[in-house]
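The values are calculated or read from the model by the stated rules, or taken from the named source; none is laboratory data. Not measured: the values here are computed from a predicted model. FYI the Cβ positions are ideal-geometry reconstructions off the backbone, even for glycines, and counts take in every protein chain you see.
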Amino acid sequence: MIPKKQLEKIKKELEECQNPFFFFHDDMDGLCSFLLLYRFKREGKWHMVKQRPFIEERFTGFVPEDCDKVFVLDIATIDQEFVNKIKKPVVWIDHHTPQKLSNVEYFNPRIKHPDEYTPVSAICYKALNQDLLIGSIGTTGDLSPQPYLKKFFKEYARLVGKHRDLFELTFETKFGKLIRILEMNLKGKTADIKKALVIFSRTKDFTSFLEPKTKDEKFVYERYEKIINDYESILKEAYKVKGDPFIFRYQEGEITFGSDLGREIPYRIPGKKMYIIYREKSGRMLCSLRSHKINLVKFLENAFTKVDGYGGGHPVAVGCNINKDDFDKFIELAKNA
């Protein structure tokens, strides 16, 4: 965790602006980081960054003229040209490999502790000290144990029972179902995603999505039911796969499930040294890798010296994009890792 003074500065940065704009990644950590800041401030607009966590120069078009501060949450990379062009204060809260950028207030625990893994939602929760449920969703969704989960287990015992393992919390409890409801609503048609985000930003009690009664709650739950059915039909195919590393190709549809499969498959089919879940798109292999036996960041660093590819993430979970012509070689590297 970053020092207390930096947590206080994050809160101050939020308190002192009038019309913030938020960029956040399209996963539970990114979503919950945004919700924590937005629900504290109750002002501002936002844009969810899908798939590749990279803010480049073209993203200046999303920032309104009347915005007085830009918050970037759970995004691994920002282009310096973006910062130079918008000419507004930028507050960047992240936990990926530290970057160097000018004219940015940058908060990242790995600057001083390179091996630390603290979700951005945990940083935001500790800075603001409100919305325990949202902070816990972000933490658990990112599979990172945080001290405040003990408080969550007491206050929300009805949602978790006796489960404490993060994978069990995700896949075996009502709390896990709530996480999946939010996750699945970040997929699909852009208009539907935007509507869901507006609902999330206004929701007083997120547990209401488990037993929907209002029109908005039913909209969110019905989207979840439709998308989770598509996801589970793909997951069934994964159960047929043998071998280690575990290599599963799924067919591309309107909705991508790489990161979701990458998280659940190791829980359902444990013990493999590496899991590679991928799909093909435009001559490239889009991959989600998981491992608790191999440092995947170092594996990718080595692999990219031998194959045409890019990507990154964390030691136990990464995403990467590999040239189709080099994919067989990439698989061989995984087998010999």
Checklist entry - For VAL198, all conditions in the list (1) aliphatic (A, V, I, L, M); (2) farther than 25 Å from PHE40 by Cβ; (3) exposed (fewer than 15 other Cβ atoms within 10 Å of the Cβ) hold save one; what is the number of the exception? => result (2)
Item to check | Selection from region 156-179 of residues that are within 13 Å of ILE134 (Cα to Cα) and either part of a loop (DSSP other than H, G, I, E, B) or not β-branched (Val, Ile, Thr) (or both) | outcome: TYR156, PHE175, GLY176, LEU178
Checklist entry - Any idea which of (1) in a helix (DSSP H, G or I); (2) in contact (Cβ under 8 Å) with a residue 24 or more places away in the chain is the one GLY188 doesn't satisfy? => result (1)
Checklist entry - Across region 38-58, what is the number of residues that are assigned to a helix (DSSP H, G or I), in contact with a helix residue (DSSP H, G or I) (Cβ under 6 Å, 6 or more places away or on another chain) and either hydrophobic (A, V, I, L, M, F, W, C) or over 20 Å from GLN130 (Cα atoms) (or both)? => result 2
Checklist entry - Looking at region 261-276, is at least one residue out of contact with any Lys or Arg (no Cβ under 6 Å at 6 or more places or on another chain), assigned to a helix (DSSP H, G or I) and over 27 Å from PRO119 (Cα atoms)? => result no
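Quick grid of which residues meet (1) of a type in the set (Phe, Trp, Tyr); (2) assigned to a strand (DSSP E or B); (3) surrounded by 18 or more Cβ atoms within 10 Å (Cβ to Cβ); (4) assigned by TED's automatic domain parsing to the domain that holds VAL49:
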site	(1), (2), (3), (4)
GLY61	no, no, no, yes
PRO64	no, no, no, yes
CYS67	no, no, yes, yes
VAL70	no, yes, yes, yes
VAL91	no, yes, yes, yes
LEU101	no, no, no, yes
ARG110	no, no, no, yes
PRO114	no, no, no, yes
Item to check | Options ILE247, ILE234, ILE265; residue that is at pLDDT 95 or above and under 24 Å from ALA334 (Cβ atoms) | outcome: ILE247
Item to check | Test result for GLU57, touching a Phe, Trp or Tyr at 6+ places or on another chain (Cβ under 7 Å) and of a type in the set (Asp, Glu) | outcome: yes
Checklist entry - So, in region 268-296, of the ones that are closer than 29 Å to GLU254 by Cα and of a type in the set (Val, Ile, Thr), which residue ends up farthest from the chain's Cα centre (by Cα)? => result ILE269
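Search region 254-263 for residues being in contact with a strand residue (DSSP E or B) (Cβ under 9 Å, 6 or more places away or on another chain) and of a type outside the set (Ser, Thr, Tyr), and hand back the single one that is surrounded by the fewest Cβ atoms within 10 Å (Cβ to Cβ).
It comes out as GLY258.
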Item to check | For GLU222: the one exception among (1) over 22 Å from the mean Cα position of the chain (by Cα); (2) charged (D, E, K, R); (3) surrounded by 14 or more Cβ atoms within 10 Å (Cβ to Cβ) | outcome: (3)
Checklist entry - Taking region 71-87 as the region of interest, how many residues are touching a residue at least 40 places away in the same chain (Cβ under 8 Å) and of a type in the set (D, E, K, R)? => result 1
Checklist entry - Is there a residue in region 36-48 that is closer than 20 Å to HIS314 by Cβ and not aliphatic (A, V, I, L, M)? => result no
